[in-house]
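The values are calculated or read from the model by the stated rules, or taken from the named source; none is laboratory data. Here the structure is a predicted model, which is why all the values come from computation and not from measurement. Note that we place each Cβ from the backbone using ideal geometry, even for glycine, and neighbour counts take in every protein chain shown.
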């Protein structure tokens, strides 16, 4: 059996995972399956870690969940999505993508409430999280990291995994990068009950803005919208009704059913390196993108699978972190580039964009996922 420290067997490697969102819980699960026993901390209280919105998981997310043994527990939740439909702002068909065919042999696409996914991951990770625990300082030395927590207590680890999101404190404390870069996009998320009957992932594209709906079962719709802007509005419900009030198709009925809306300014993280010493980043902390391709969760879970495998397969932690980044970086760069491509498509004036999408849109949008059909 390979060891990952000159003096410490693999199962005894002291690992701290910082962050108990999708990335942190996925990497904890993967590490446990590989024989490690990581600790998990989260700066937020348990009730605030996961917001009450939805999430869309493409087929490669299902495959990654399968690799950590959680595809079965996720299957009862939400609804399988078999087709993407792209419409113009009036509700007229532009193009469509057969998702079952695109992801055949990889995994099902699914829309589900984000809290359901979080509960599955939390259970799979063992459920032991120290909530309300903030990391204040990282002291890197040869072969170890001393972590100072918010209460002043300290502990030493062989590896610290920063899974604390796009505004990662671990990234800053380890001098791996600063704040994320805004991309000039504001995004809106909501779960609608009693709205229009929508059976497919359905997107209406307008002038530098789009409105997406997807069914999650039990009469619920996950609604996602974005616009080219730099500042989040004070009243996101009013802004959505103003922005999309003249759209056709199922949008008017969805707007009527809107209640609570989460709003955020989209940003991205692109780093020169993902590790320093015995500190490594995963998920959005390492490579966040705008949510356009819905690949954030998939990339985080894939990171978890690859990092755990690298730690088991190599002789030192340093070699494992090099192998992990070398394997993951081209894939996450593909997602970043394709995200930018699709956002540029959205920003083309409809008079030019819509005829192109009617002729070639299905092929264009399928191409954005081509590399991701292969295993991570």
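Quick notes on this structure:
- Flag for residue 305 being under 20 Å from residue 20 (Cα atoms) and not in a loop (DSSP other than H, G, I, E, B): yes
- For region 42-65, a residue qualifies if it is closer than 21 Å to residue 130 by Cβ, surrounded by fewer than 23 Cβ atoms within 10 Å (Cβ to Cβ) and at pLDDT 95 or above, and the qualifying residues are 43, 44, 45.
- Residues that are in contact (Cβ under 8 Å) with a residue 40 or more places away in the chain and in contact with a strand residue (DSSP E or B) (Cβ under 9 Å, 6 or more places away or on another chain), drawn from region 345-359: 346, 347, 350, 353, 354, 357, 358
- Screening residue 183 against (1) over 13 Å from residue 251 (Cβ atoms); (2) touching a residue at least 60 places away in the same chain (Cβ under 8 Å); (3) more than 18 Å from the chain's Cα centre (by Cα) leaves a single unmet condition, (3).
- The lone exception for residue 172 - which of (1) within 16 Å of residue 53 (Cα to Cα); (2) free of Cβ contacts under 8 Å to residues at least 24 places away in the same chain it fails: (1)
- Within region 158-169, considering residues that are closer than 16 Å to residue 129 by Cβ and touching a strand residue (DSSP E or B) at 6+ places or on another chain (Cβ under 6 Å), the one surrounded by the most Cβ atoms within 10 Å (Cβ to Cβ): 163
A quick yes/no check of all residues on (1) at pLDDT 95 or above; (2) surrounded by 15 or more Cβ atoms within 10 Å (Cβ to Cβ); (3) over 26 Å from the mean Cα position of the chain (by Cα):
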residue	(1), (2), (3)
317	yes, yes, no
320	yes, yes, no
327	yes, yes, no
330	yes, no, no
334	yes, yes, no
339	yes, yes, no
346	no, yes, no
354	yes, yes, yes
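- Whichever residue in region 356-376 is part of a helix (DSSP H, G or I) and crowded, with 19+ Cβ neighbours inside 10 Å and, among such residues, is nearest to the chain's Cα centre (by Cα): 372
- Selection count, region 117-127, where residues are assigned to a helix (DSSP H, G or I) and crowded, with 18+ Cβ neighbours inside 10 Å: 6
- Filter result for residue 123 (touching a helix residue (DSSP H, G or I) at 6+ places or on another chain (Cβ under 9 Å), under 24 Å from residue 367 (Cβ atoms) and at pLDDT 95 or above): no
- Within region 128-157, tally of residues that are touching a strand residue (DSSP E or B) at 6+ places or on another chain (Cβ under 7 Å), modelled with pLDDT of 95 or more and part of a loop (DSSP other than H, G, I, E, B): 3
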